[in-house]
Structures are given as C-alpha cells and as structure tokens.
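The values are calculated or read from the model by the stated rules, or taken from the named source; none is laboratory data. As the structure is a computational prediction, the values presented were derived from the model and not from experiment. Virtual Cβ from ideal backbone geometry, glycine too; neighbours counted across all protein chains shown.
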Amino acid sequence: MSIFQSLSISGSALTTQRLRLDVISSNIANANTTRGEFVNGEWVPYRRKMVEVSQGNSPSFANYLQKELTGVRATRIVEDQTPFKAVYDPTNPDSNEQGYVFMPNVDITKEMVDMMSASRAYEANVTAFNAGKSMLVKALEIGR
C-alpha cells in the first residue's frame, strides 16, 4: 500500500460526496417544477435524480487477493422511477382535463436526510484526509 493511498481514497470519497450534494440540491431546487421535459407532446415534471456509487477501480480478482483499497467513485446519475404526485389544481396552466397537476417525485424530507448523510460523510473524509496529511508531515519531520 502506497503512503499516499489513504489521501487518494479520502479524495475520491470527497469528490463523490460533493457530487451527491450537488444532485440533492438540484432535487430540492426543482421540487415544484412541473415542466421538466417535453415528451410525447406534453410536459413531464422534474424527476428526482440519485447518484450510484461503487468501488473506485474495477474489482478484479488480483485486487481481491492483494486486498487493495481503491476508494469510491460515482458510476452514474439515475432517475427515480417512483410515480409523480397528482395535485388537484384546475387553475394551474399545467393541469390536465380533470384538473390535476402532476408534481415531481421529490420528497423534501428524504432529500434533507440524504443531504445530512452526504454532509457528514464529507466531514468524516475531510477529517481522515487531514489525519493522513498530519501523519505524513510528522514522518517528514522525523528525517530532519
């Protein structure tokens, strides 16, 4: 294991958590957006997005044998397929013939919990990064 590998692992986690925070903030900002995309002649509301996270490098048999630590990475951003919420509002220009407006499938409470989780994970990785950095500095001071 390289001396800088712990910094690399923490750095990859910081990048992934920052992306999660960006996607969550986009979800919260679009929680009331009824015109997301124009599909089949009608407007479809904004659909909640989520970040898929996996092990940093492609897991190979050699990596498992060597127990090599690789960090994490965001593999892709996927859309949540839960159904939209129908709200009765016949005065809304986006309502259908029955007077219902389809709202995004974003739950603010769920987004806030995800935001707290990503924020805490980011803080933990900053702490781990700083601890690794201080150990490297102390190791360099021994050589003086």
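Numerical summary
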{"item": "Residue list for the stretch 39-73, filter: of a type in the set (Gly, Ala, Ser), in contact with a Gly (Cβ under 8 Å, 6 or more places away or on another chain) and either loosely packed, with under 15 Cβ neighbours inside 10 Å or at pLDDT 75 or above (or both)", "result": "GLY71"}
{"item": "The stretch 118-144 residues that are under 14 Å from ILE9 (Cβ atoms), paired with ones that are among the aliphatic types (A, V, I, L, M) and part of a helix (DSSP H, G or I) (beta carbon under 6 Å, 6 or more apart)", "result": "ASN125/ALA13; ASN125/LEU14; GLY132/LEU7"}
{"item": "Single condition ARG35 does not satisfy, out of (1) within 25 Å of ILE108 (Cα to Cα); (2) surrounded by 14 or more Cβ atoms within 10 Å (Cβ to Cβ)", "result": "(2)"}
{"item": "Selection within the stretch 2-32 - small (Gly, Ala, Ser) and either surrounded by 14 or more Cβ atoms within 10 Å (Cβ to Cβ) or modelled with pLDDT of 95 or more (or both)", "result": "SER6, SER8, SER10, GLY11, SER12, ALA13, SER25, SER26, ALA29, ALA31"}
{"item": "Which listed residue is under 16 Å from the mean Cα position of the chain (by Cα) and exposed (fewer than 12 other Cβ atoms within 10 Å of the Cβ), from ARG76, ARG144", "result": "ARG76"}
{"item": "Flag if SER119 is among the hydroxyl-bearing types (Ser, Thr, Tyr) and touching a Leu at 6+ places or on another chain (Cβ under 8 Å)", "result": "yes"}
{"item": "Cβ-Cβ under 8 Å pairs, at least 6 apart or on other chains, the stretch 16-34 side within 15 Å of MET116 (Cβ to Cβ) and among the hydroxyl-bearing types (Ser, Thr, Tyr), far side in a helix (DSSP H, G or I) and at pLDDT 95 or above", "result": "SER25/MET115"}
{"item": "Counted residues, the stretch 79-98 - those being surrounded by fewer than 13 Cβ atoms within 10 Å (Cβ to Cβ), under 30 Å from the mean Cα position of the chain (by Cα), assigned to a loop (DSSP other than H, G, I, E, B) and not hydroxyl-bearing (Ser, Thr, Tyr)", "result": "2"}
